[in-house]
1. Out of 106, 155, 159, I need the residue that is at pLDDT 90 or above and under 23 Å from residue 56 (Cα atoms). Which one?
2. Among the residues of the range 152-180, what is the count of those that are open to solvent by 50 Å² or more (accessible area, probe 1.4 Å) and part of a loop (DSSP other than H, G, I, E, B)?
3. Being of a type in the set (S, T, N, Q) and within 29 Å of residue 86 (Cα to Cα) is the filter here; which residues of the range 1-48 pass it?
4. I'd like to check which helices (runs of 4 or more DSSP H) are fully inside the range 19-110 and have at least 3 residues that are within 17 Å of residue 158 (Cβ to Cβ).
5. In the range 159-175, what residues are of a type in the set (Val, Ile, Thr) and over 10 Å from residue 95 (Cβ atoms)?
6. I need a count of the residues in the range 89-100 that are open to solvent by less than 40 Å² (accessible area, probe 1.4 Å), closer than 23 Å to residue 151 by Cα and charged (D, E, K, R).
7. Report, by residue number, each residue of the range 1-18 that is closer than 12 Å to residue 225 by Cα, open to solvent by 30 Å² or more (accessible area, probe 1.4 Å) and part of a helix (DSSP H, G or I).
Amino acid sequence: MVVFKIGPEQVISADTGATMVDLCGTLISIVIAFSFIMPFLTDCGIMEFLGVIARPVVRPLFHVPGRASIDLIASWFGASNAAVILTREQYMKGFYTRREAGYIMTNFSLVSIPFCLMVADTMGISNIFPPFYLCICVVGIILAVIIARIPPICTIPNTYREAVGKQIDEDIPQEKGMFAYALEMSCKRADKFTAKTVVTSGFEVLMGMFFDLIPIVVSWGTIALIIATYTPFFSWISYPMGMYLQALGVPEVLQQHRQHWLDSQICLFRRFCRWDLPP
């Protein structure tokens, strides 16, 4: 509809569908690059090694395998899109359950350090970036611990993909040490790695992203932008946050919220009635 300019203005306008199509250009670039880099993360033994090492901390805190730490690293130092792609592939191969994959995508695929630095620079607080990002990390970890234990995440079936079953084993045998077992598991995984794995796995991920992930991103993103652009829904649901910030002493929060709500109502009135009203 957007490419051929067919359909209602609410769907194909520059503020909704066209914006999502433009953003998907960036996503496609990430997908193409990461599809052929990902096998080096997943099939060379890195995830097996860190999975065993990080399991005593990650499993009790977040209820996910230790190998999920790789998803977190990929998100924080790369891009959240890359972490989502990585998590999806691990679920498809039987290393995550449905609940674990949903939880990791929701809580571990955070905004990366480069993007946060750009936001801090835009806000004029790049000189205090370390404490700024530290606050984001601390709050993110606290929320991740809480969300792992409450609905809707805890209600998702904790089952592996039926086509492949469970393919993960991070339990350390009693007769082996943690480091030795982590090294053994990583070497076993690395022995199976070949150049053919990079090509076949990369194309498999690439096709899956093009025909599975990207259409979903465009569709739901367009729906969200339609709601944000043509309805006051987000103004309504953000009002409690305005009251909360006002209680914390942030000045003129609700006044700005009311002005934004009034401007949005006038804008909506103009769009639906198509009257040339004075500003």
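1. Values: 106 fails: at pLDDT 90 or above; 155 fails: under 23 Å from residue 56 (Cα atoms).
Criteria check complete, one pass: 159.
2. Residues in the range 152-180 being open to solvent by 50 Å² or more (accessible area, probe 1.4 Å) and part of a loop (DSSP other than H, G, I, E, B): 17 in total.
3. Those that are of a type in the set (S, T, N, Q) and within 29 Å of residue 86 (Cα to Cα): 16, 19, 26, 29, 35, 42.
4. Working: elements: 46-62, 68-77, 80-92, 98-107.
The qualifying helices (runs of 4 or more DSSP H) are 46-62, 80-92, 98-107.
5. Residues satisfying the conditions are 159, 172.
6. Result for the range 89-100: 1.
7. Residues of the range 1-18 that are closer than 12 Å to residue 225 by Cα, as a first pass: 10-18.
Now restrict to residues that are open to solvent by 30 Å² or more (accessible area, probe 1.4 Å): 10-11, 14-15.
10, 11 - these are the residues of the range 1-18 that are closer than 12 Å to residue 225 by Cα, open to solvent by 30 Å² or more (accessible area, probe 1.4 Å) and part of a helix (DSSP H, G or I).
This table checks each residue for (1) in contact (Cβ under 8 Å) with a residue 24 or more places away in the chain; (2) more than 15 Å from residue 76 (Cβ to Cβ); (3) crowded, with 16+ Cβ neighbours inside 10 Å; (4) not acidic (Asp, Glu).
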| residue | (1), (2), (3), (4) |
| --- | --- |
| 102 | yes, yes, yes, yes |
| 110 | yes, no, yes, yes |
| 121 | no, yes, no, no |
| 126 | no, yes, no, yes |
| 129 | no, no, no, yes |
| 138 | no, no, no, yes |
| 144 | yes, no, yes, yes |
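The values are calculated or read from the model by the stated rules, or taken from the named source; none is laboratory data. Nothing here was measured: the structure is a model prediction, and the numbers come from that model. For neighbour counting, all protein chains shown are included, and Cβ atoms are generated from backbone atoms with ideal geometry for every residue, glycine included. Note: areas computed on protein heavy atoms with side chains; ligands, DNA, RNA excluded. Shrake-Rupley method; radii C 1.70, N 1.55, O 1.52, S 1.80 Å.
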